[in-house]
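See below for the structure under consideration.
The values are calculated or read from the model by the stated rules, or taken from the named source; none is laboratory data. Small disclaimer: the values here were computed from a predicted structure and weren't measured. Note that we place each Cβ from the backbone using ideal geometry, even for glycine, and neighbour counts take in every protein chain shown.
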Amino acid sequence: MPVATIDWKGDLPGRAVLVDQTLLPTQLEYLELGTAERMWEAIRALRVRGAPAIGIAAAYGLVLGVQSYKGDDRAAFAAEVARVDQYLRTSRPTAVNLFWALDRMVARHKAVASEPVEAQQRALLEEARAIHAEDKAICRAIGRHGARLVKEGTVALTHCNAGGLATADYGTALALFFKAHEEGRKFSVFADETRPLLQGARLTAWELEQAGIDVTLLCDSMAAVAMRDRKVSLVVVGADRIAANGDTANKIGTYGVATLAKAHDVPFYVAAPVSTFDLSIRDGKAIPIEERDPAEVRAGFGKVTAPEQVKVWNPAFDVTPHQLIAGIVTEHGILERPDAKRVADFFATHAPRHGTRGGTRDGRRSQ
Ligand code: MRU
């Protein structure tokens, strides 16, 4: 991968280092963050973005927020952990990985709460580092399981950015392309530009080009004609939250792409780690959808492109119904034609070590 999206520098106290994704592809700049407030702002402003990456960022954010606590008052330290945890949860609402990672940090804290404060701080850094390291392995496994979908001559289409920048490295949707490329197959990828914040144009096109993969950039409105006239044969996207019946929230525009794929008989796949499932949510209607500043639509990147006061609706995500999804590529394999039963069966077989939101170790739903 060309860059590491996120890293931890030093020991304790340390700093989180992030690629500022808002500046790509024209500037590759790293930010060093020393406080939970700066991490909150980085997540909110999409300096760090993509569901797995913001989970890792939130975990490091919790460490930043409590690392300078001095003294050995365990109750006061626990209150501080709870305060920073709640604060980070308000940064962005849709990607469940953020909540999953914070749940995991809080559980680790509970497990060591009787130890001296310094040992607790160390345990929290260890847990954040583990979440980070595991994501690298998970992305590689997603690539291994999904690469067979990318055949010699495949014409693929993807939306938003589910690449190395959105994860610890290697990506989810893009992992399939990276792995198929490493295996020597020739294929091409259309990258939707992804209005309004252009993650496809700025990040996906950049990452695929850097990897030497044949990529062509499209305005979002060109996806239909590309499917028909350029013979798109596969769609793969990432996910921000997957409900218990397989309904999947991803970047706004994904639902449109899935509908077009259905109309053109193109298989539509989602690639995501199991930490992106939220089994406490029965279906996609209950997934919280972030609505962002109208200025992103009226004056994207500082250029006014609409009447100053025009009403704008700016949901950042949409939900693709499971009926449109051919399969979900996870680190445990491909969950074909997801629905409530197949998702439950999948989790019964592959109980994730660190749980899944709303799920129990044996795959049953918790309420
Ligand atoms: O608003 P963003 O850029 O954080 O949205 C990101 C997406 O929708 C990605 O497709 C998703 O998080 C998967 S990242 C592996």
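The residue list E127, E134 contains one member that is in a helix (DSSP H, G or I), of a type in the set (D, E) and within 16 Å of the ligand (Cβ to nearest atom), which is E134.
Has region 290-303 got any residue that is surrounded by fewer than 16 Cβ atoms within 10 Å (Cβ to Cβ), assigned to a helix (DSSP H, G or I), at pLDDT below 95 and not small (G, A, S)? Checked region 290-303: at least one residue is surrounded by fewer than 16 Cβ atoms within 10 Å (Cβ to Cβ), assigned to a helix (DSSP H, G or I), at pLDDT below 95 and not small (G, A, S).
Pick from region 319-367 the residues that are charged (D, E, K, R) and at pLDDT 95 or above: which of them is nearest to the chain's Cα centre (by Cα)?
Looking at residues that are charged (D, E, K, R) and at pLDDT 95 or above, I get E331.
Residue pairs whose Cβ atoms lie under 7 Å apart, sitting 6 or more positions apart in sequence or on different chains, and linking a residue in region 304-326 that is under 17 Å from R92 (Cα atoms) to a partner that is of a type in the set (S, T, N, Q) and assigned to a loop (DSSP other than H, G, I, E, B), are A316/T94; F317/T94. Number of residues in region 219-248 that are assigned to a loop (DSSP other than H, G, I, E, B) and near the ligand (Cβ under 9 Å from one of its atoms) equals 3. For region 309-324, name all the residues that are touching a helix residue (DSSP H, G or I) at 6+ places or on another chain (Cβ under 8 Å) and in a loop (DSSP other than H, G, I, E, B). Result: V310, V312, N314, P321.
Does T22 fit the bill of being within 30 Å of A201 (Cα to Cα), surrounded by fewer than 21 Cβ atoms within 10 Å (Cβ to Cβ) and in contact with a Leu (Cβ under 8 Å, 6 or more places away or on another chain)?
Values: within 30 Å of A201 (Cα to Cα): yes; surrounded by fewer than 21 Cβ atoms within 10 Å (Cβ to Cβ): yes; in contact with a Leu (Cβ under 8 Å, 6 or more places away or on another chain): yes.
For T22, the condition - within 30 Å of A201 (Cα to Cα), surrounded by fewer than 21 Cβ atoms within 10 Å (Cβ to Cβ) and in contact with a Leu (Cβ under 8 Å, 6 or more places away or on another chain) - is met.
Taken together, G200, G184 contain a single residue that is free of Cβ contacts under 8 Å to residues at least 40 places away in the same chain and either in a helix (DSSP H, G or I) or more than 12 Å from the ligand (Cβ to nearest atom) (or both), which is G184. Figure legend. Inter-residue proximity from region 249-275: first residues under 22 Å from R357 (Cβ atoms) and assigned to a helix (DSSP H, G or I), second residues small (G, A, S) and modelled with pLDDT under 95, beta-carbon distance below 7 Å, spacing 6+ or different chains. No pairs are indicated. Residues that are away from the ligand (no atom under 16 Å from the Cβ), over 13 Å from L102 (Cβ atoms) and outside any loop (DSSP other than H, G, I, E, B) within region 25-63 comprise Y30, L31, E32, L33, E37, R38, listed in sequence order.
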